[in-house]
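A quick write-up on the structure given underneath.
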Amino acid sequence: MADPHPADSNDAYVRGSQEISEQGSTFHAFMGLAKWGSLVIAALLLLLVLWFQPGGSLFTGLIAAVVMLVAGWFLLKSGKAAR
């Protein structure tokens, strides 16, 4: 059962007064993992598609995956102004 609240409990919370640095750092960590993880998965898929297609080769897939990783790194890296 819910605890009874005093009538003046609305004064206990003031909007914008709580510390949110942990939530902010968690958000930035999740966004970084999603961004870089997506790049790695895309490069891995490109490697596997070019390797296992009929007439494909491992070296073609490796070269394409490395090119994608390098291009993605330059495009996805963020400067200090982006935060």
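What follows is calculated from the coordinates using simple rules that are stated; it is not laboratory data. Treat the numbers as computed from the prediction; the structure is a model and nothing was measured. When we count neighbours, we look across all protein chains shown, and the Cβ atoms used for this are built from the backbone with ideal geometry, even at glycine.
Observations on the structure shown:
- Length added when fully stretched, residue 38-residue 60, from 0.36 nm per residue minus Cα-Cα: 5.8 nm
- Pairwise Cα separations in the range 39-78 fall into 5 Å bins from 0 onward with the following percentages, short to long: 6, 29, 29, 18, 10, 5, 2, 0.
- Cβ-derived FRET efficiency at R0 41 Å, residue 52 paired with residue 74, nearest 0.05: 0.90
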